[in-house]
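The values are calculated or read from the model by the stated rules, or taken from the named source; none is laboratory data. Just so it is clear, the structure is predicted and the values come from calculations on it, not from any experiment. A quick note on method: Cβ atoms are made from the backbone with ideal geometry, for glycine too, and the neighbour counts reach across all protein chains shown.
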Amino acid sequence: MPKNELNLDNLSSADTIINPSLPIGRIASVDIYRGFVMLLMMAEVLSLSEVSRALPGNKFWEFLSFHQSHVPWIGLSLHDMIQPSFTFLVGVVLPYSIANRKNKGASVQNILTHTIKRSLILIFLGIFLRSMHSNQTNFTFEDTLTQIGLGYTFLVLISFYSQRVQIISLTAILFTYVLVFALYPLPNASFDYASAGVSADWRHNLTGFSAHWNKNTNFAWAFDQWFLNLFPRESSFLFNSGGYSTLSFIPTLGTMILGLLAGNYLNSSVTARKKLNFLVFIGVSLIMFGVLLHLSGINPIVKRIWTPAWTIFSGGICFLFLALFYGLIDMKGKQQGTFFLMVIGVNSIAAYVIADGGMRNLINDSLFIHLGANFDQVFGSAYATLISGGLVLLFEWLILYWMFKKKIFIKI
């Protein structure tokens, strides 16, 4: 291990290496996929929705704006696939990570101790990032890192068992989650929707059985009204304005298990062609099953509360993304032009903190100081965020590139 590499295990640890310039334990296609996902997150700084608003009626920018935004409730955009992809890849690399640690002599107890430490770091890192602009610690547990941290120890425990047990665990988790939501009573005629931050006639409200998964009137919302108020807060927690919830970590665990199943197969001795066929077949099957659950009214596809149908549907898309990158990178060796993504993918935690922390604002403010107050108006005010945001994105990548050249890989 290089002397300046942090001595912590990354979420993306594995036991094979494609590019000798990378830290030991990387899978090229996984790093490229992760780099693509993190680029989507970092590219939020481009603020494509502002460009679209400045150019009303322009379908091109409307399309890009939609896919850089989260859908209000049902369905998905490309941006909605960031969190499930990042979460899915945690499961994909786990078989490699555990095998690598066992090969180094780690016992099950050592692995579990390290796993618990890793889970706590992820939870606290998520809380820290969410508290950066608050007057006090913002105890919230719905962000990507915290959700992974809450479920990661359970994922590792499940990984010690056979694939049959893993599939049974996945099924039990998703079925139980559906059942709990279905048994929670729907709002009655006197329910105060304003207290839940949603209106009774909100156009995204679902009807019939699917209404059990409506925004801020469901079991997870009720849980958070109790749970989040156990922590010190400036004012009592009433609702999350986006409808996000702490308990989403349970079906998010399901997404990680799907990744684990994919990782098990990639780590097997079958041919590369069979691995690719498996990824495509499972991906298509999961998408079809998720759509069936949605259209039948059994369970809607809602990312914000991570419904089981969303776990299945988005998991299928993740399988197809992985198949695409695996087929191009690992099977055909087409790595030309992927270096930009690889630099991001091998340092995903650093990329996450840079994009989600204060670094983005620091770079942006510095640009206006040194380049002038109107430097972003070179192509007109409509494209201002593309100029400033593009430069911020470039400098963020250059930071990651410097870390790459110095062999500094932040791991948890």
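So which residues in region 177-198 are surrounded by 13 or more Cβ atoms within 10 Å (Cβ to Cβ) and not in a loop (DSSP other than H, G, I, E, B)?
Correct list: Y177, V178, V180, F181, A182, Y193, A196.
With (1) surrounded by fewer than 19 Cβ atoms within 10 Å (Cβ to Cβ); (2) within 24 Å of Q336 (Cα to Cα) as the list, and S47 as the residue in question, which single condition is left unmet?
All conditions are met except number (2).
Being exposed (fewer than 13 other Cβ atoms within 10 Å of the Cβ) and of a type outside the set (G, A, S) is the filter here, so list the residues in region 231-276 that pass it.
P232, E234, V270, T271, R273, K274
Here are some conditions: (1) part of a helix (DSSP H, G or I); (2) surrounded by fewer than 20 Cβ atoms within 10 Å (Cβ to Cβ). G333 meets all but one. Which one does it not meet?
In the conditions (1) part of a helix (DSSP H, G or I); (2) surrounded by fewer than 20 Cβ atoms within 10 Å (Cβ to Cβ), G333 misses (1) alone.
Just checking, which of R164, R203 is of a type in the set (D, E, K, R), modelled with pLDDT of 95 or more, surrounded by fewer than 16 Cβ atoms within 10 Å (Cβ to Cβ) and closer than 28 Å to S296 by Cα?
One residue alone meets the criteria, R164.
Taking into account only those residues within region 92-148 that are of a type in the set (G, A, S) and either under 19 Å from I250 (Cβ atoms) or in a loop (DSSP other than H, G, I, E, B) (or both), which is modelled with the lowest pLDDT? It would help to see each step written out before you state the result.
Keep residues of region 92-148 that are of a type in the set (G, A, S), which gives 97, 99, 105-107, 119, 126, 131, 134.
Checking the rest, the ones that are also either under 19 Å from I250 (Cβ atoms) or in a loop (DSSP other than H, G, I, E, B) (or both) come to 105-107, 119, 126, 131, 134.
Numbers: G105: 89, A106: 89, S107: 91, S119: 96, G126: 93, S131: 90, S134: 84.
Ranking the candidates gives S134 first.
Just wondering, is there one or more residues in region 288-305 that are assigned to a helix (DSSP H, G or I), polar (S, T, N, Q) and modelled with pLDDT of 95 or more? So that I can check it myself, show each step before the final result.
Restricting attention to region 288-305, the residues satisfying the condition of being assigned to a helix (DSSP H, G or I) are 288-295.
If we keep only those that are polar (S, T, N, Q) as well, we get none.
Looking for residues that are assigned to a helix (DSSP H, G or I), polar (S, T, N, Q) and modelled with pLDDT of 95 or more, one finds none in region 288-305, hence no.
Among the residues of region 156-166, is any among the small types (G, A, S) and under 19 Å from I82 (Cβ atoms)? Steps first, answer last, please.
Kept after step one, since they are among the small types (G, A, S), are these residues of region 156-166: 159, 162.
After this cut, where a residue has to be under 19 Å from I82 (Cβ atoms) as well, the list is none.
No, region 156-166 contains no residue that is among the small types (G, A, S) and under 19 Å from I82 (Cβ atoms).
Look through N10, N4 and report the one residue that is part of a loop (DSSP other than H, G, I, E, B), surrounded by 18 or more Cβ atoms within 10 Å (Cβ to Cβ) and either modelled with pLDDT under 95 or under 24 Å from the mean Cα position of the chain (by Cα) (or both). Please lay out each step first, then the result.
On the way: N4 fails: surrounded by 18 or more Cβ atoms within 10 Å (Cβ to Cβ).
That would be N10, the only listed residue that is part of a loop (DSSP other than H, G, I, E, B), surrounded by 18 or more Cβ atoms within 10 Å (Cβ to Cβ) and either modelled with pLDDT under 95 or under 24 Å from the mean Cα position of the chain (by Cα) (or both).
Look through region 87-146, keep the residues that are small (G, A, S) and closer than 20 Å to S235 by Cα, and return whichever of them is surrounded by the fewest Cβ atoms within 10 Å (Cβ to Cβ).
So, considering only residues that are small (G, A, S) and closer than 20 Å to S235 by Cα, the one surrounded by the fewest Cβ atoms within 10 Å (Cβ to Cβ) is S134.
Among the residues of region 372-412, write down those that are touching a residue at least 12 places away in the same chain (Cβ under 8 Å), within 30 Å of P56 (Cβ to Cβ) and either β-branched (V, I, T) or touching a Gly at 6+ places or on another chain (Cβ under 6 Å) (or both).
Once the filter is applied, which keeps residues that are touching a residue at least 12 places away in the same chain (Cβ under 8 Å), within 30 Å of P56 (Cβ to Cβ) and either β-branched (V, I, T) or touching a Gly at 6+ places or on another chain (Cβ under 6 Å) (or both), region 372-412 yields T385, I387, V392.
Of all residues in region 224-243, count the ones that are more than 20 Å from V302 (Cβ to Cβ), part of a loop (DSSP other than H, G, I, E, B) and touching a residue at least 12 places away in the same chain (Cβ under 8 Å).
Going through region 224-243 one residue at a time, the tally reaches 6.
Is it the case that region 277-290 has a residue that's surrounded by fewer than 17 Cβ atoms within 10 Å (Cβ to Cβ) and closer than 30 Å to D224 by Cα?
yes
Yes/no matrix, rows are residues, columns are (1) surrounded by 19 or more Cβ atoms within 10 Å (Cβ to Cβ); (2) over 23 Å from L76 (Cβ atoms); (3) touching a Lys or Arg at 6+ places or on another chain (Cβ under 8 Å); (4) not charged (D, E, K, R):
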site	(1), (2), (3), (4)
I301	yes, no, no, yes
S314	yes, no, yes, yes
G345	yes, no, yes, yes
D365	no, yes, no, no
D376	yes, yes, no, no
L398	no, yes, no, yes
F404	yes, yes, no, yes
F409	yes, yes, no, yes
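Are any residues in region 51-64 surrounded by fewer than 18 Cβ atoms within 10 Å (Cβ to Cβ) and assigned to a helix (DSSP H, G or I), and if so, which ones?
Of everything in region 51-64, those that are surrounded by fewer than 18 Cβ atoms within 10 Å (Cβ to Cβ) and assigned to a helix (DSSP H, G or I) turn out to be R53, A54, K59, F60, E62, F63, L64.
Just for region 30-71: of the residues that are of a type in the set (G, A, S) and closer than 22 Å to I354 by Cα, which one is nearest to the chain's Cα centre (by Cα)?
Looking only at region 30-71, we keep the residues that are of a type in the set (G, A, S), and these are 35, 43, 47, 49, 52, 54, 57, 65, 69.
From what's left, closer than 22 Å to I354 by Cα: 35, 43, 47, 49, 69.
Details: G35: 12, A43: 15, S47: 19, S49: 21, S69: 14 Å.
Per the stated criteria, the residue is G35.
Can you pull out the residues in region 207-228 that are surrounded by 14 or more Cβ atoms within 10 Å (Cβ to Cβ) and either at positive phi or modelled with pLDDT under 95 (or both)?
Answer for region 207-228, where residues must be surrounded by 14 or more Cβ atoms within 10 Å (Cβ to Cβ) and either at positive phi or modelled with pLDDT under 95 (or both): just N216.
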